[in-house]
1. Inside region 109-136, can you point out the residues that are assigned to a strand (DSSP E or B) and either at pLDDT below 95 or farther than 21 Å from ASN561 by Cα (or both)?
2. Given (1) modelled with pLDDT under 80; (2) of a type in the set (Asp, Glu); (3) at positive phi, identify the lone condition not met by GLU551.
3. Are there any pairs with C-beta distances below 7 angstrom linking a residue in region 232-255 that is within 18 Å of LEU352 (Cβ to Cβ) to a residue that is assigned to a loop (DSSP other than H, G, I, E, B), with the two at least 6 apart or on different chains, and if so which?
4. Give region 427-460 a look and list any residue that's of a type in the set (A, V, I, L, M, F, W, C), over 19 Å from PRO487 (Cβ atoms) and in contact with a Phe, Trp or Tyr (Cβ under 6 Å, 6 or more places away or on another chain), or say none.
5. Checking the conditions here, which among ASN462, ASN449, ASN477 is among the polar types (S, T, N, Q), modelled with pLDDT under 90 and open to solvent by 80 Å² or more (accessible area, probe 1.4 Å)?
6. Against the definition (touching a Gly at 6+ places or on another chain (Cβ under 6 Å) and under 20 Å from ASN56 (Cα atoms)), how does TYR107 come out, yes or no?
7. Given the options ILE258, ILE300, name the one that is surrounded by fewer than 19 Cβ atoms within 10 Å (Cβ to Cβ), at pLDDT 95 or above and aliphatic (A, V, I, L, M).
8. Counting only residues that are modelled with pLDDT of 90 or more and not polar (S, T, N, Q), which one in region 519-543 is most open to solvent (accessible area, probe 1.4 Å)?
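The values are calculated or read from the model by the stated rules, or taken from the named source; none is laboratory data. Treat the numbers as computed from the prediction; the structure is a model and nothing was measured. Note: ideal-geometry Cβ built from the backbone for every residue, glycine included; neighbour counts use all protein chains shown. Just so you know, the surface numbers come from the protein's heavy atoms only, side chains and all, with ligands and any DNA or RNA stripped out. Shrake-Rupley method; radii C 1.70, N 1.55, O 1.52, S 1.80 Å.
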Amino acid sequence: METKKPKLLIAVDNSSSIKYKSQSENVLNIVEHLKSSTELNSKFELDFYKFGNQLNSLDSLSFKESKTNLELPFKEFSKLYKEGVNPVVIITDGNQTIGNNVAFANYKNPVYPFIVGDTTIVEDLFINQLNVNQFTYINNNLPVEVFINYNGDKLLTKTLKVYHNNKVIHSKQLQFSASQNVHTASFFITSTQSGNQYYTVVIEPLINEKNTVNNSKTFSVNVIEEQTKMLLLTSINHPDLGMIKKAVESNKQRSVTILNIENNNYKISDYQLFILYQPNNKFNSIFKEVADQKLNHFIITGVSTDWSFLNSKQNIFSKTATNQAEKYSPILNKEYAIFQTNEIDFNSFAPLEDLFGEVKFSSAYNTLLYQKIGNISLQKPLLATYENANQKGAILFGENSWQWRMNSFQENRNFEQFDGFISDLIQYLASTQLNKRLNVAIEPMYYSNETIYISASYLDKNLNFDGRSKLWFTVFNKDKTILKKVPFALDFNTFKLELSDLQAGDYNYTVSVENQKETVSGIFKILPFDVEQQFSNATSENLKQLALKTEGGVFYNNQENQLIQQLINDKQYKSILKSTIQKTPLIEWQWLLAFIVILLTTEWFVRKYFGKI
């Protein structure tokens, strides 16, 4: 007989805001109290975790995490603990800086938030949210939206200012009161310079305001000289068309025009990429232009594709298609190195549908997604890219990719990851440059308290990932003085680097390959701002909503015993008594087997001796 106790999951906030609010010792005492509770340990099996930007098993607490994602523990616990009742105690100050609102976390078991710190609301004026597109064009009016909140009961007027290169480019007076405690300020910015441009929005602080860190926000905009235009040609209506347009245009650098193939009212020279959706014999003229002018293209097939036509109009790939449709699930090729892209978990994504048949390539190609039919993984491409002379192309074997965007949203509560994946693919295809051998992923802006993560990939002359090369990251100040030069570390098929000791300021960088000519240069900015310090006090409202929704309870400082008693007295948490029947093969009982063999042997000799055999 075996007694299986229910799990109690305890997630502890390891972010720097705990230390900032002087709650470090308090949190350590709460954790120790729960660990040492005899009653709690006799009823539950306790699993401790710490979280900030990531979730890890709890070994020690440093309170140095630079960001807090309150939704993350519930998202990960839903994957790790799928069976039984698994209540969660989350010990935190309730202040969230990244991720989706924890109030809307989808967790099916009771949640017990333990809020540490002072929840008293103090007078504060702060910038709550800022909405702006990351890309714009030279001389284009880019809309910016700023939400300013006021906690207080006074009538006051404060000035909102926007700075660019230390100059005020916008100013507006706003009036606040107990009833008018939220303002939305909308304005436009225009840049005449290309590249990353930095702006700072500042709301005038209150007299003797306790926390002024949250009175300003800095944002960056990538100003480009012109927009990349794509033409999507189709002969049918399909949800995929709208998905492609939305995903591609989520990056304001790009625009997609959708036309029926019979509409000839377009100029080839106006577009940098041609997306050909489920081609048939009506696509004859555009395929001729693609071949003659070496146009970059993206072909998407499906059950309406005319494979006889498609096989005859290009010589990159072919398919011996039948009339039977098949469903193909995607598997991400983590060794794909032609360009860097988001690592999305495609395992839970819906399958695409295409005509069944064997695909053959007659020239070099690189697989980004592999096929899977049912539970059988195939080393055959579902999504592949290729280059031929001065031309780039891609082929997606299947329709209904619109469901992937929905799957990604269900997983992440936003479209950003999937749209980023499509954006990376389109950026590669639309580029007129042949494949860059050195690619670098770096953000334009970081906070002073966060670790800077940089990744890079390097390809050899055959466009295969080259893990033998040595990559260097060199940081310069404004005067071009080298501040440090550090090597990248090889991690699977990516070079990675972490920086954590740079002061706030503006920096130039160069990524180089040892003994090679390839380099990538750019700029980034470190802000003198700790995002974990933007909240003056502990916050409990969102966690209260989650506790109410999951039928849990909320607790505060010095209420550890009440929390323990509620968990112990709750009758829904019961141990399960399991009986185990163990079957042991007779052959494992060696002594008994030997005894039987001896008896049988003796009997044989006795019978032989007396002539019975």
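1. Those that are assigned to a strand (DSSP E or B) and either at pLDDT below 95 or farther than 21 Å from ASN561 by Cα (or both): ASP124, LEU125, PHE126, ILE127, ASN128, GLN129, LEU130, ASN131, VAL132, PHE135, THR136.
2. For GLU551, the failing item is (1).
3. THR234/ILE261; THR234/GLN278; ILE236/GLN278; ILE236/SER304; ASP240/ASN400; ASP240/SER401; MET243/SER401
4. LEU429 - this is the single residue of region 427-460 that is of a type in the set (A, V, I, L, M, F, W, C), over 19 Å from PRO487 (Cβ atoms) and in contact with a Phe, Trp or Tyr (Cβ under 6 Å, 6 or more places away or on another chain).
5. Criteria check complete, one pass: ASN462.
6. Criteria not met by TYR107.
7. Sole residue among the options that is surrounded by fewer than 19 Cβ atoms within 10 Å (Cβ to Cβ), at pLDDT 95 or above and aliphatic (A, V, I, L, M): ILE258.
8. Of everything passing the filter in region 519-543, GLU541 is most open to solvent (accessible area, probe 1.4 Å).
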